[in-house]
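Since the structure comes first, as structure tokens, the remarks are kept for the end.
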Amino acid sequence: MTLILIFCGLALGFFTVKYFLDLRFFNDESSVVMVADDKSVFGIGQNDEKTLISLIETLMPVAAVVRDENNNVLGSGFLTSNSSFITARHVLENFDQKYFADFGEGLIFELRFEDEKKDLDLVYLDLVGENLPKEFASFSNQEVDLGEEIFSIGYQGGYGNSVVKGVVSGKNRYIEVENSFGQLIVSLSGLLQVDMNVSEGMSGAPVFNMNGEVIGMIVAVSKDDEGVGFIIEL
């Protein structure tokens with residue numbers, strides 16, 4: 001069944017976006033960092049660039065690839081404590097099978113259902129196992145501004161966890177989720193629109209501000225407009 005999102009805006013009209021559902025299997029899980037080459041685009045000075053690199057090195061361990069029991073990649077997610085894990089609800093089809101968080105370098109933990117908020121496309125899970133990761137994300141308590149620079153860490157194109165960078169380009173976006181028969185599944189409102197190189201597999205990935213704090217989670221990407229994505233604020 002195909003899940004389709006329809007974004008409706010008074011000024012922008014209608015265009016179609018889709019959930020990230022990446023069910024392909026890849027063997028190469030090496031980490032790749034993708035940062036814009038043209039630093040003038042975001043006004044990054046040398047000191048700011050060093051700060052960003054330092055943030056990425058610190059935050060890489062909190063992000064993971066979500067897999068099913070057959071090792072298929074379903075999406076991304078991240079740690080909010082040493083055992084609490086968040087991802088997008090649509091990433092997990094049901095809870096009749098096992099799911100795993102793959103942090104790379106052999107660090108793989110089973111995920112156990114804790115709670116969910118379907119109206120936010122959000123699910124809370126616990127890591128199961130010993131020697132759990134010690135790093136986890138912190139959340140911002142500041143209002144997100146239009147034009148604010150952001151970055152995300154998530155699964156991209158078969159290369160494992162990757163970094164993408166962009167800006168917040170819109171607020172209070174509304175999207176509706178439909179199945180292949182045109183039936184409404186869920187509506188999501190109050191979303192942030194972002195201009196960022198988001199791709200399939202990054203659903204559930206954390207989005208950080210330039211202080212390294214989580215401002216939200218990726219839930220959708222535009223099907224018709226390249227580089228346009230949507231995140232829920234956390």
>> Give me the net charge for the shell around LYS117: Cβ to Cβ below 13 angstrom, other residues only, Lys and Arg +1, Asp and Glu -1.
In response: -4
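Arrange SER222, SER81 by Cβ neighbour counts within 10 Å, fewest through most, would you?
Details: SER222 19, SER81 12.
Sorted ascending by nearby Cβ count, the order is SER81, SER222.
Kirkwood-based Rg over Rh for the stretch 98-234 (C-alpha set), two decimals?
Using only Cα positions, Rg/Rh for the stretch 98-234 is 0.97.
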> For PHE113 and SER187, what is the calculated FRET efficiency with R₀ set at 22 Å and r taken between the beta-carbons, to the nearest 0.05?
Replying inline: 0.40
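Taken together, the values in this text are just the output of simple stated rules run on the coordinates, not laboratory data. Predicted model, so just to flag it, every value in this text is computed and none were measured. Glycine gets a Cβ as well: all are built from the backbone with ideal geometry, and neighbour counts include every protein chain shown.
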